Amino acid sequence: MAIKRLGWKLGLTKEKRQELSDVICVEDKVAKKEKVPNLFAYGSAEWFAAGGDKCCVTLAGSNVSFTLNPWHELNSYNEGEKVRVAYREVHTITLDYVPPDFEAKKAVERKLAGYELVKTEKIENSE
């Protein structure tokens with residue numbers, strides 16, 4: 001117990017994990033498409049990764065953005081087109097001890113980390 005308490009005081013007991021939500025299905029319009037550089041970070045420096053740019057697609061009503069490889073199906077849709085999208089929210093959960101209980105870690109923070117695209121489908125106009 002004393003070792004756990006010491007580790008907690010030193011800030012060494014935090015753990016992070018990711019959780020996925022249930023699948024969320026929406027019908028929406030493609031609001032914006034833009035190229036974004038394919039960067040990765042190493043320390044404080046950002047570097048261009050191999051494979052070129054990625055594409056960021058934002059949906060209008062749900063205000064959800066997906067950063068995708070250029071060949072992904074969602075990138076083939078034009079701005080203003082109606083789409084049916086299934087996705088999951090990705091949350092980062094931080095676990096740590098909450099004094100005075102050093103027996104089990106509890107969730108102390110929950111942040112939305114991004115979205116995982118499950119399926120896309122273009123909605124054809126029935127007019």
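Would you please give the residues with an amide H less than 5 Å from that of Ala113, counting only those at least 5 places away or on a separate chain, with H modeled from the backbone geometry?
Distant-sequence amide H within range of Ala113: Val90, His91, Thr92.
Using 25 Å as the Cα-Cα cut-off, could you pick out the over-long pairs in Lys16/Lys54; Lys16/Lys119; Lys14/Lys35; Lys4/Lys106; Lys33/Lys122?
From Lys16/Lys54; Lys16/Lys119; Lys14/Lys35; Lys4/Lys106; Lys33/Lys122, over 25 Å: Lys16/Lys54; Lys16/Lys119; Lys14/Lys35.
Amide H of Lys122 versus every other amide H placed in the peptide plane: which residues, excluding those fewer than 5 positions away on the same chain, fall under 5 Å?
Arg84
Could you please report the charge total around Glu79, scoring K, R as +1 and D, E as -1 over all other residues with beta-carbon less than 11 angstrom from its beta-carbon?
On the way: positive: Lys29, Lys32, Lys33; negative: Glu34, Glu81.
So the environment of Glu79 carries a net charge of +1.
For region 85-91, take each phi angle, set θ = phi - 60°, evaluate the Karplus expression 6.51 cos²θ - 1.76 cosθ + 1.60, and give the result in whole Hz per residue in order, putting x for glycine and proline.
Going residue by residue, I get 10, 10, 8, 10, 7, 9, 10 Hz, with x marking Gly and Pro.
Any read-out appearing in this document is the output of simple, stated calculations on the displayed coordinates, not a laboratory observation. Since we're looking at a predicted model, the values are computed, not measured. Glycine also receives a Cβ, built like all others from the backbone with ideal geometry; neighbour counts cover every protein chain displayed.
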